[in-house]
Amino acid sequence: MKQIHKISLIGVSALIPRAVLANAGTVLMWMPLFQLMFGNVLIGLIEGLVVSLIFKAKWYRSVLIMIGGNYASWLIGNGIILLFQEYLIDSVFQLKGVYSAWIFSLIILYFLTIIIELPFFNWIFKARNRDWKRSLKLSLIVNIFTYTAMILIYLSVSKYSFFTDLKVNQLLLEKDYHAELYLMRGKEIFKGKVSGNFNGELIYQIPDKYEFSNLKLIRNHNNGTIGLALINYKGDTIVVEDSLIDRNDLVSYPQLNSRYSNLIADFRDTTDRNWKVSAIGWAIDGLTVYSEEEKEENYAFEVPWMFWAIGHVSVINNNELICQIHGRLVLVNRETKEIAFITNADSYVIRKEK
């Protein structure tokens, strides 16, 4: 029987690298599905065989119980992390401390896993042989290896450079950018200056019909000016401001000139645009700055439980831009590699002050 256990462990161990390699190139969003379908079974199989080998317990009982334990810890642990993490970041951190909050989440999940799987380790043994202290030690030790292995697999397809390569510095917003934001939050549209203390003036209350909408710039074909509109998923349109931007400033709004542009605005002189920027709204792609068509800088944040897509970029000057990341407007300084939180927004447009 002992020989059978050893052969089974070797076989399972041989399968893991193949599973990892088969999924190493996938987007991180598919990893939880992979774990739900296959990963928890593999981990439960390993944990059950290890316990049965060491303590002479029935291997099939051990394996089935630990598979159940892993599904329980995956569902409960991930649910708890998702609930508290989003609230914590929104109410306390915003940008500064986001990376630390994520690391803290990994540590918390490890201890949650130990606690949730503790009774399962205990149930492996017959009632007369159960020992909570022994089961706690088992849960602590076994999860060090299996939990670490899963986190390393997740990290192999993660990106976190937006918060490791860029430093938060709210002092960036102390200067006057001579730019005005029009942004949507929920069912309200606000207007205000680009600053660290965004005090927006409420200018429009959105009707229920347009609750799931986006702010867009549209051309006014009667006088050539650019208007501000609210467009819902059906294509229904409400004009919020008819002539927001003068027709002479059309060159500063690439989206109006090309439907494929991901830039909302570019306020640089047209003869001095020596770098380009791309942010198509996928978290793994992030924000990429190109110099003469060569990839120069990339900043992204896609890690377990946090898929922070970056998009809707506006270039303010030769060194700075504004982008939207996970419902937040953020100023990015390429030269100093610093970022600053402006405000929360579902969508926005920007114009130079006259």
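Pairs please, first residue from the stretch 67-84 and within 16 Å of ILE107 (Cα to Cα) and of a type in the set (A, V, I, L, M, F, W, C), second anywhere and at pLDDT 85 or above and part of a helix (DSSP H, G or I), Cβ atoms under 8 Å, 6+ apart in sequence or on different chains.
Every condition considered, the pairs that remain are ILE76/LEU112; ILE76/ILE116; ILE80/LEU112; ILE81/ILE108; ILE81/LEU109; ILE81/LEU112.
For the stretch 311-354, how many residues are basic (Lys, Arg) and in a strand (DSSP E or B)?
Total satisfying the criteria: 3.
Does at least one position in the stretch 37-46 carry a residue that is over 27 Å from PHE104 (Cβ atoms) and touching a His at 6+ places or on another chain (Cβ under 8 Å)?
No - not one qualifying residue is present in the stretch 37-46.
Please determine whether any residue of the stretch 236-259 is without any contact (Cβ under 8 Å) to a residue 60 or more places away in the chain, of a type in the set (Gly, Ala, Ser) and at positive phi.
The answer is no, given that none of the residues of the stretch 236-259 is without any contact (Cβ under 8 Å) to a residue 60 or more places away in the chain, of a type in the set (Gly, Ala, Ser) and at positive phi.
Please work out if PHE125 is outside any helix (DSSP H, G or I), over 28 Å from the mean Cα position of the chain (by Cα) and either surrounded by 14 or more Cβ atoms within 10 Å (Cβ to Cβ) or not assigned by TED's automatic domain parsing to the domain that holds VAL50 (or both).
In short, yes.
Is there a residue in the stretch 306-326 that is over 14 Å from GLU180 (Cα atoms) and of a type in the set (Ser, Thr, Tyr)?
No, every residue in the stretch 306-326 fails to be over 14 Å from GLU180 (Cα atoms) and of a type in the set (Ser, Thr, Tyr).
What's the total number of residues in the stretch 184-206 that are part of a loop (DSSP other than H, G, I, E, B), of a type outside the set (S, T, N, Q) and under 25 Å from the mean Cα position of the chain (by Cα)?
5
Report the residue count in the stretch 207-221 for those that are under 11 Å from GLY186 (Cα atoms) and in contact with a Ser or Thr (Cβ under 6 Å, 6 or more places away or on another chain).
Of the residues in the stretch 207-221, 1 are under 11 Å from GLY186 (Cα atoms) and in contact with a Ser or Thr (Cβ under 6 Å, 6 or more places away or on another chain).
Find the strands (runs of 3 or more DSSP E) located wholly in the stretch 253-292 whose residues include 2 or more that are at pLDDT 85 or above and over 13 Å from ASN318 (Cβ atoms), and list them.
263-266, 287-291
Please pick out the residue among ILE76, ILE81, ILE67, ILE89 that is at pLDDT 90 or above and in contact with a helix residue (DSSP H, G or I) (Cβ under 7 Å, 6 or more places away or on another chain).
Answer to the selection: ILE67.
The values are calculated or read from the model by the stated rules, or taken from the named source; none is laboratory data. The model shown is predicted, which means the values in this text are computed figures rather than measured ones. Please note: Cβ atoms are built from the backbone with ideal geometry, for glycine as well, and neighbour counts cover all protein chains shown.
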